[in-house]
Structure formats: C-alpha cells, structure tokens
Amino acid sequence: MKKRWLFPSFLIIVVLTEFIIWQWIPIQGNLIVLNQRQYAEQSLFPDVQLTKDKGILGGSASVFLTDTTPRVYLELLVNGQRAQFVEWQKTPGSDLWTWQWRLPNGIQIEQQSIRFLFYHSCHIGCVEWFNKEITNEKGGNTNKFKFLTRPSKLGVVFAMPSRDWHGVSGWNVELTYALSSEKDYWHIDHVAARIVQSCQQKLQVLLRADYDRGQTLPPKADFAALESYLNFVRRLANDARFRCVHGLIIGSGPNDNGSNSKAPERKITPEWYAQILNGYGNDPNDKNNVVEIIRAVNPSLRVLVGPIRPWNSDQNGLQRFEIDVPWLNYMNTLVSALDQTAQDKAKIGKVFAVPDGFAIQAPGRPDAAELQLMHRSLEPKVDLRRSEWNGAQAGFRVYQDWLHIINAYSSTRGLPVYISSTNTYTPDAAKTPSENYPQGWLTNAMMEINQVSQIKALCWFIDGLSSDEQWDGFSLNKRVGLLSDTSNEFEYLLRDTP
C-alpha cells in the first residue's frame, strides 16, 4: 500500500514546486492561450495558392490569396510584374476572404522561383501586406534576379526590363503623372511594377512626378491643382512599392512652353515652382509644400529639383545670373528662392526645408561649328561658350553652368546633382542620335562626369519605350542607324565598370 501512494505523492510535490518557481521567476512577455480554431487561423493565413486555369490557352494560372482580414484596394506584383485582378469573395459560414489574380503573361508555374508581393490600401499609397516566394525544385529555368554590387554613374531613362546590367548597379529614370487613368502606361500602379522590377535588379531609381501630360506641374496660382498634386506626392511617398526609389524628381522643363501647354497664360514661374517645392512666399510655418510633406511621410525619400531646359528662351528670371541668358536666369531665380525659403524656415527651427539635390539636363552638341577639325566624339571635353549667349555653354558642359548656380547659394552648395537626361540631339539642326551620334561620345561623357564628384548619375535618353515609336531615334534598345554604335558602347561601359 505504501508503494502505491509513492508516485502520486511525488507528482504533487513536483506540481507545487513548479507553481512556486513560476510565481517568482521574472518572466517577460505575454502568454496568449488560443483555442484550436484561433490557432489554425493564425497559423494558416494569409495563404497563397497557385492553380492552372482550365480552358485558357498558353498554360495561364491564377493566384489565390486567402486571409481572415478583409483588405481593400489590393495590388499584386509577381516577379516585378503587375497581376490582373479577377474577383474577391467571402467564404460562406466563415470569416475568410479570398482574392483572385491572373498570373502575368510570361510567368509559368513551372518556373524555379516565383516571388509574390501583396499590397493593400493602394488608394492612399500601397502598404505592404504579405510576401511569399514559391520555389519549384524541378523547374528548369530560374527567375531569380542577380545580386548586383558594382555601382556606376551610368544609367538610362526607361530601362528595358530585359536589359543585362552585367553586374552593375546603374540608374533608371521613370515617370508618372498625377492625372492619369488606370489603364494608362504612366499610371502609378503600372509604374510601380516597373520600379519594383528595377529595384530587384539592384538599379538605383529616380522617379519623375509630373502633374499631367503637357503640364509638368500645376499652373501658377491654381491651388486646386496644387492640392491634387501634393496629395499625389504624399501618396507616392507613402507607397511601399516606391520605398526603394533613390529620389523623386519634381517635374521637368518648367521654363519650356511645352511644359505649360494646359494653361499657357499661367506659366510655371521660378517663384511658383519654389512655392510648390518648399513653400516660397508662404508663411514659414506653412507645411503645404513638397519637401515638408515628404519629410513627414517618408524622410528617406530624396526630393530633387526638376531639370530646367537649357538653351530655351520661353521664360526668363528676375534674378539675373552673371551669364545673362533666359535659361540660366530662370535657374538662378529658382535656386535663390529655394535658398531664401530654407533660411526663413531655419530661423523658426525648420532646418530640413531645403531639397536633397538637383536633376539637370546636359545634352551634347557634336555638330557644333566650334569643334572645327576636332573629332566630334570629344565634344563632352570641350568648352563651347558662345559670345551671342554671353559666354553660356552650348554643349554637354552646360552642366558646369548648372553647378555654378547651385553652388552659389549656401543652402544648396554641394548638393548631389543627377544628369537625368543626355544624348546628342541637336536642337538647332533637329538631328536625332540615330543620325548624328559619333562613336566614343558616351565614353568621353562618362570620363568627364567621373571626374566630378558632385554629379552622381549620367542617364542616356532613352533605353526603350515600346508604347511610343516617336522615340525610336533615341532608343538604345531599337538600335536605329548610328544608335547601334551607342548601344554597343553602353554595353562596353557596363562591362568595363570596375
């Protein structure tokens, strides 16, 4: 009988001992007890399933996401491509919701690796919800992106997704419009897919944010349009799909009539541009400007002043530059206004009201008469100062004029500069690069820029744009005429990057 009670007595002692120990040991954290259904829901969802579609040619497939939270305004990127949304439904008798997308063209279930990025709340700026990578060990091809580590200043506008960057982390300039329809190539959702793909390729992305086609920024004193544009910028800064963007370029060519076509009577003056960017002319406490909105939403996103169109006399500026020509006066007036505003805001404790850098245009002019017997490809290394322009640069070295103005003001001195567009288009002769590109020009331009530490990027306009044939005479991808030489040279420069 005594042996019979030995084990129960021992068990009671162990339980009491554990109770005393657990009462006195300082354990941090919370203990959550789940019933079987709760545990199953938290363990199994969100759930991603891939199924082949019956009756659809080409081996298409659908993606199904099931979760316990009813999200709205969803987006799905599959290996950097935007998937087509089909439908959603609630499972009867449960708290489960399921969403369906069609797998993008060119992506097959049999591929070795498929990466899914799910987002919600995209009407105000996509929030990353869930990501998953599915690997098929039996797949023959791989869809994994190379990890690129070699940085370069070389880049392009509208990089082709198929481009081989040869292990180089180059630059890609993209464009989106605040006023664009959902089916538009430049709509935020389509652009986001291209940017995610660029970032997976480890490219450094500059995103240009325009108001509308033919109207790069809101017309002067159109405060309803300004509010719409600022809300769009806020959405871009808040969108998880754009978190890898290096810098946001605010408009382009505001001094050009072509960038003011929707309201030619209310052109974007330097003062109005500065008001949009950092609040020039407003009360220093006012926060309704691009810089302060982005600082509040996403401080890591750089705000870049958009490029001014060189050699354009459509607008002038009140603050005359020492080289008195309209395009440099416009730039000088703009930078002066930005600098004054930054100083005014600094006096009340706002020390970050200055932009993070400047995007500039630096086109070449290899057909310039000043080159005389010199080889046309050496143009980037030659000063082309024209007396009829009071000594302003007429070719690639216009970048020096831009730098001169930027570095003349205390708040902008030394800020990073990005050549967001260059090629050999000649405005006076209207020759496209396919007609006038001299072999070696891009190499010399790179050699020139590599010696200027303040300039961070040199981007050729353009790599490719399948939706618009008017740019074929500029496209590295189309290789029309002399662009075959340009394309080969671009490849050589990538491979030669140390």
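The values are calculated or read from the model by the stated rules, or taken from the named source; none is laboratory data. In this text the structure is predicted, and so the values were computed from the model without any measurement. Neighbour counts are summed over all protein chains in view; Cβ atoms, including those assigned to glycine, are modelled from backbone coordinates with ideal geometry. What goes into the accessible areas is simple: the full protein's heavy atoms, side chains included, and nothing from ligands, DNA or RNA. Shrake-Rupley method; radii C 1.70, N 1.55, O 1.52, S 1.80 Å.
Tabulated data
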read-out	value
Pairs, first more than 16 Å from SER420 (Cα to Cα) in the range 150-162, second outside any loop (DSSP other than H, G, I, E, B) and aliphatic (A, V, I, L, M), C-beta under 7 Å, six or more apart	ARG150/VAL168
Subset of the range 420-442 (residues that are without any contact (Cβ under 8 Å) to a residue 60 or more places away in the chain and within 20 Å of GLY155 (Cα to Cα))	THR432, PRO433, SER434, LEU442
Residue that is most open to solvent (accessible area, probe 1.4 Å) [pool: residues in the range 183-206 that are of a type in the set (D, E, K, R) and touching a residue at least 40 places away in the same chain (Cβ under 8 Å)]	LYS202
Residues located in the range 105-154, provided they are of a type in the set (Ser, Thr, Tyr), within 26 Å of the chain's Cα centre (by Cα), at pLDDT below 80 and outside any loop (DSSP other than H, G, I, E, B)	SER113
Unmet requirement for PRO284, which otherwise passes all of (1) open to solvent by less than 50 Å² (accessible area, probe 1.4 Å); (2) of a type outside the set (S, T, N, Q); (3) more than 26 Å from GLN454 (Cα to Cα); (4) not in a loop (DSSP other than H, G, I, E, B)	(4)
Given (1) part of a loop (DSSP other than H, G, I, E, B); (2) out of contact with any strand residue (DSSP E or B) (no Cβ under 7 Å at 6 or more places or on another chain); (3) among the hydroxyl-bearing types (Ser, Thr, Tyr); (4) touching a residue at least 40 places away in the same chain (Cβ under 8 Å), number of the condition SER180 does not satisfy	(4)
All positions within the range 86-103 that are surrounded by 14 or more Cβ atoms within 10 Å (Cβ to Cβ) and free of Cβ contacts under 8 Å to residues at least 40 places away in the same chain	TRP88, TRP97, THR98, TRP99, GLN100, TRP101
Pick from the range 417-468, criterion at pLDDT below 95 and of a type in the set (Asp, Glu), ranking: least open to solvent (accessible area, probe 1.4 Å)	ASP468
Single match in ALA159, ALA209 (criterion: open to solvent by 10 Å² or more (accessible area, probe 1.4 Å) and either within 13 Å of the chain's Cα centre (by Cα) or at pLDDT 95 or above (or both))	ALA159
Checklist (1) of a type outside the set (A, V, I, L, M); (2) open to solvent by less than 50 Å² (accessible area, probe 1.4 Å); (3) without any contact (Cβ under 8 Å) to a residue 40 or more places away in the chain applied to GLU388, failing item	(2)
Residue in the range 293-306 that is surrounded by fewer than 23 Cβ atoms within 10 Å (Cβ to Cβ), touching an Asp or Glu at 6+ places or on another chain (Cβ under 9 Å) and under 25 Å from CYS459 (Cα atoms) present	yes
Residue that is modelled with the lowest pLDDT, among those in the range 236-276 that are among the charged types (D, E, K, R) and open to solvent by 50 Å² or more (accessible area, probe 1.4 Å)	ARG243
Pair list, Cβ < 6 Å and 6+ apart or interchain, from the range 290-316 residues that are free of Cβ contacts under 8 Å to residues at least 24 places away in the same chain and within 20 Å of SER336 (Cα to Cα) to residues that are open to solvent by 20 Å² or more (accessible area, probe 1.4 Å) and in a helix (DSSP H, G or I)	SER313/PRO326; ASN316/PRO326
Which listed residue, of SER475, SER484, SER453, is part of a loop (DSSP other than H, G, I, E, B) and without any contact (Cβ under 8 Å) to a residue 12 or more places away in the chain	SER453
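Rundown of residues vs (1) over 27 Å from ASN278 (Cβ atoms); (2) among the acidic types (Asp, Glu); (3) touching a helix residue (DSSP H, G or I) at 6+ places or on another chain (Cβ under 7 Å), yes/no style:
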| residue | (1), (2), (3) |
| --- | --- |
| SER387 | yes, no, no |
| ILE406 | no, no, yes |
| TYR418 | no, no, no |
| THR424 | yes, no, yes |
| GLY473 | yes, no, yes |
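Residue-by-condition table, conditions (1) part of a strand (DSSP E or B); (2) touching a residue at least 60 places away in the same chain (Cβ under 8 Å); (3) open to solvent by less than 50 Å² (accessible area, probe 1.4 Å):
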{"residue": "GLN343", "(1), (2), (3)": "no, yes, no"}
{"residue": "VAL354", "(1), (2), (3)": "no, yes, yes"}
{"residue": "ILE360", "(1), (2), (3)": "yes, yes, yes"}
{"residue": "PRO363", "(1), (2), (3)": "no, yes, yes"}
{"residue": "LEU373", "(1), (2), (3)": "no, no, no"}
{"residue": "PRO380", "(1), (2), (3)": "no, yes, yes"}
{"residue": "TRP402", "(1), (2), (3)": "no, yes, yes"}
{"residue": "ILE405", "(1), (2), (3)": "no, yes, yes"}
{"residue": "SER410", "(1), (2), (3)": "no, yes, no"}
